[in-house]
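What follows is a single structure, written as structure tokens, with notes after it.
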Amino acid sequence: MTKTYPKASRPSLDNVSVSIEKGEFVFFIGPSGSGKSTIIKMLLHEVAPNKGRVVVNGKDVTSMRSWKRPHFRRSIGCVFQDFRLLPNRTAYENVAFALEVIGKTKAVARRVVPEVLELVGLGGKEHRYPHELSGGEQQRVAVARAFVNRPLILLADEPTGNLDPDTSIEIMRLLDRINRTGTTVVMVTHDSNIVNQMRRRVVEIESGRIVRDQARGVYG
Amino acid sequence: MRVKYVLSEVLVGLWRNVTMSIAMIITMAVSLTMLGASGLMYRQVDDMKDLYYKNIEVSIFLNQEVSEQERTELQTKLDGDPLVKDVLYVNKDEAYKRFKEMYQDAPDLVNAVKPDQLPESFRLKLNNPEQYKDIYDQYKDTAGVDEIVDQSRLLDKIFNILTSIQNIALAAAIVMAIAALLLVANTIQVAAYSKRREVAVMKLVGASNWFIQAPFVLEAVVAGLIGSLLGLVALVAAKYLLFDGSLSALQGLLSPISWGDILFIFPLMAGVGGLVSAATAWITLRFYLRV
Ligand SMILES: Nc1ncnc2c1ncn2[C@@H]1O[C@H](COP(=O)(O)OP(=O)(O)O)[C@@H](O)[C@H]1O
Ligand SMILES: [Mg+2]
């Protein structure tokens with residue numbers, strides 16, 4: 001597919017074609033501005049391609065109407081560099097919020113939220129506010145929120161971009177653990193260390209073009 | 001749970017920006033009061049038109065030197081005129097009696113006038129009051145006729161004045177409504193900004209559009225309904241203080257406004273207040289949140 005933003009002189013994605021299997025773990029790497037986040041936005045139905053098709057979970061979403069987007073998003077979890085937690089809610093409440101706003105009852109939240117917080121390694125810290133948690137712990141809350149609805153796909157756009165190397169590795173392991181439950185994980189990163197340790201599929205992008213697509217790849 | 005969530009969000013929203021909420025509610029109240037008042041006047045003027053136009057007369061006054069024969073001829077002609085429904089002859093004594101009755105509060109005036117100074121007249125009821133002009137053209141040059149006076153001329157003037165008052169109230173309602181709309185749009189923008197993080201998360205995890213919009217739209221609707229309630233209070237106060245109070249002297253002239261009329265106009269005010277606020281909020285959100 002091809003994507004040129006309005007007013008942009010050159011396409012941000014130029015004739016890119018990738019296919020990701022169910023249950024796969026894929027890194028998207030490349031320099032800043034190469035178009036990695038744009039791919040994530042396509043998968044979230046936030047931007048549409050000018051040319052080509054986007055197929056997610058076996059459904060062509062290229063021309064999906066915007067009113068169908070909310071339901072579509074419920075099958076996708078998403079984590080960002082800046083965590084995007086609600087500062088006036090505790091870890092528990094942040095995760096529960098994501099369930100309650102899609103119509104799940106408080107009883108369901110009471111059952112599954114502690115479970116998923118335990119899974120991400122935050123057992124015992126449910127009632128801390130984001131400012132009472134370290135960066136790594138905040139990102140764990142964000143992962144818990146993305147995963148609590150058991151999505152088929154987890155998208156992560158530079159999830160370790162704000163974290164130190166050790167914490168980054170921990171988050172990486174967490175995503176790996178989630179991948180092993182059968183969830184497809186797509187992760188955008190700058191972090192060569194992580195990519196080299198994991199030895200998973202690597203898709204490298206430069207100026208909107210795929211320059212490498214390698215199973216069990218390394219960075220650079 | 002979701003209903004409770006939405007309702008508590010509405011109250012929190014109104015309270016978070018309470019000065020703005022008050023401004024919004026007051027402008028809406030004023031606008032809706034004007035709307036209600038012009039609606040009431042509309043009914044009132046209709047009632048009055050029915051009442052007055054049904055009873056108006058055309059008076060043909062005879063001059064002092066009219067002869068017996070001229071009067072009889074005129075009477076015969078009027079009796080046979082298809083435009084005329086009813087003819088009543090009022091002689092000088094009768095005219096004086098009516099005059100005395102009409103000005104019973106001003107004995108000086110009554111004493112200053114002698115019975116034979118008042119002209120005799122024919123009082124006509126027309127089949128169609130609007131055909132006054134035909135009557136006028138037909139009889140103005142008839143021998144013995146002094147002057148032809150049509151009450152509907154006066155009524156037209158009065159009703160023109162009432163209609164312009166009504167139009168002014170309506171225009172004021174519209175101008176205030178525009179101010180109210182801008183305030184609603186602004187309040188909703190501020191509210192959406194202060195909840196931008198929540199909204200971003202809700203969009204990300206797939207909350208439905210109505211669920212994201214509902215608290216904002218309902219916030220505006222609640223403000224609109226409170227505004228219409230205040231408008232109702234203002235109308236009730238106006239009836240109580242003005243119509244039943246200082247204007248009660250005009251009671252015989254103005255047809256009375258009943259409590260029923262006011263209760264009848266309230267759903268209109270509440271409906272307009274609620275719907276217009278909801279639409280404004282919804283449109284604002286479409287631009288501002290793009291949901
Ligand atoms: N909303 C936008 N409008 C215009 N240009 C954009 C927009 N978003 C991204 N771009 C451009 O598209 C290119 C790719 O951006 P992005 O996908 O964010 O890169 P990356 O995530 O790899 O750093 C950049 O050149 C950027 O300037
Ligand atoms: Mg990026």
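Here, each number is a calculation from the coordinates, and none is a lab measurement. Small disclaimer: the values here were computed from a predicted structure and weren't measured. Backbone-built Cβ (ideal geometry, glycine too); neighbour counts: all protein chains shown.
Cβ crowding within 10 Å, taken as a proxy for footprinting-reagent exposure, orders B:Thr33, A:Thr4 from fewest neighbours to most as A:Thr4, B:Thr33.
Taking every Cα-Cα distance in the range A:70-186 and sorting them into 5 Å bins starting at zero, the pair-distance distribution P(r) comes out as 2, 13, 25, 26, 22, 10, 2, 0 percent. In the protein assembly as shown, the DSSP beta bridges split such that about 55 percent are antiparallel, to the nearest 5. With the alpha-carbon atoms of the range A:86-150 aligned to their principal axes, the span from lowest to highest coordinate is 30, 23, 17 Å, starting with the largest.
Eigenvalues of the alpha-carbon gyration tensor of the range B:14-116, scaled by 5 and square-rooted, set the equivalent ellipsoid semi-axes at 56, 21, 8 angstrom, largest first. The helix-only estimate of mean residue ellipticity at 222 nm for chain B, built from DSSP H runs of length n ≥ 4 each weighted as -39500 (n - 2.57), is -24000 deg cm²/dmol after division by the residue total.
Rounded to the nearest 20, the Cβ-based charge dipole of chain A about its Cα centre (Lys and Arg +1, Asp and Glu -1) stands at 960 debye. Over the protein assembly as shown, the Kirkwood radius and the radius of gyration, each from Cα atoms, give a ratio Rg/Rh of 1.34. How big, in percent, is the set of alpha carbon pairs in the range B:68-219 lying more than 23 Å apart? Summing the P(r) tail past 23 Å for the range B:68-219 gives 66 percent.
Distance between the C-alpha centres of the range A:140-154 and the range B:70-113: 95 Å, rounded to the whole angstrom.
Distance from the C-alpha centroid of the range B:5-62 to that of the range A:33-57: 53 Å, rounded to the whole angstrom. Our Cα-only numbers for the range B:64-143 put the radius of gyration and Dmax at 14.8, 42 Å. The modelled label-to-label distance for the pair B:Asn55/B:Val18, using points 7 Å beyond Cα in the direction of Cβ, is 5.4 nm. Summing Cβ point charges (Lys, Arg +1; Asp, Glu -1) relative to the Cα centre of the range B:64-143 gives a dipole of roughly 220 debye.
Per residue, the average separation of C-alpha pairs within less than 8 Å and at least 6 apart gives chain A a relative contact order of 30 percent.
According to the Kirkwood relation over distinct C-alpha pairs, the hydrodynamic radius of chain A is 18.0 Å.
Going by Cα centres, the range A:171-220 and the range B:149-228 are how many Å apart? About 53 Å separates the Cα centre of the range A:171-220 from the one of the range B:149-228.
The P(r) of chain B has a tail past 23 Å containing 68 percent of all C-alpha pairs.
Here the gap between B:Val6 and B:Ala171, fully extended at 0.36 nm per residue and compared with their Cα-Cα distance, gives a gain of 55.8 nm.
Taking 28 Å as the limit for the C-alpha separation, the pairs B:Lys97/B:Lys125; A:Lys3/A:Lys59; A:Lys22/A:Lys125; B:Lys49/B:Lys85 exceed it in the case of A:Lys22/A:Lys125. Based on the Kirkwood approach, the hydrodynamic radius assigned to the range A:1-111 is 16.4 Å, with every pair of different Cα atoms included.
Taking B:Leu181, B:Leu109, B:Leu51 as the candidate residues, the one with maximal mean-square fluctuation in a Gaussian network model of chain B, Cα springs under 10 Å, is B:Leu109. With R₀ fixed at 45 Å, the C-beta to C-beta distance from A:Arg111 to B:Tyr240 puts the FRET efficiency at about 0.15.
Comparing A:Val112, A:Tyr129, A:Thr90 along the charge dipole axis of the range A:86-150, the residue lying farthest to the positive side is A:Val112, per the Cβ-charge model.
Note on the range A:148-220: Rg/Rh from Cα positions, Kirkwood definition for Rh, rounded to two decimals, is 0.96. Candidate membrane-span-like segments in chain B, meaning DSSP H helices with Cα atoms spread over at least 27 Å of their own axis and a Kyte-Doolittle mean of 1.0 or above, are B:151-194, B:209-238, B:259-288, with no membrane implied. Expressed to the nearest 5 percent, the antiparallel share of DSSP beta bridges inside the range A:77-220 is 35 percent.
Remark on the range B:65-112: ratio of C-alpha radius of gyration to 2.2 N^0.38 Å is 1.56. Computed over the range A:143-220, relative contact order equals 27 percent, with contacts defined as Cα pairs under 8 Å that lie 6+ residues apart. Among B:Gly13, B:Gly144, B:Gly80, the largest mean-square fluctuation in a Gaussian network model of chain B (Cα springs under 10 Å) belongs to B:Gly80. The label point for A:Tyr5 and the one for B:Asp146, both projected 7 Å from the Cα toward the Cβ, are 9.2 nm apart. The modelled label-to-label distance for the pair A:Ser63/B:Lys133, using points 7 Å beyond Cα in the direction of Cβ, is 6.4 nm. Here the Gaussian network model covers chain B, with springs between Cα atoms less than 10 Å apart; of B:Leu88, B:Leu14, B:Leu230, B:Leu88 fluctuates the most.
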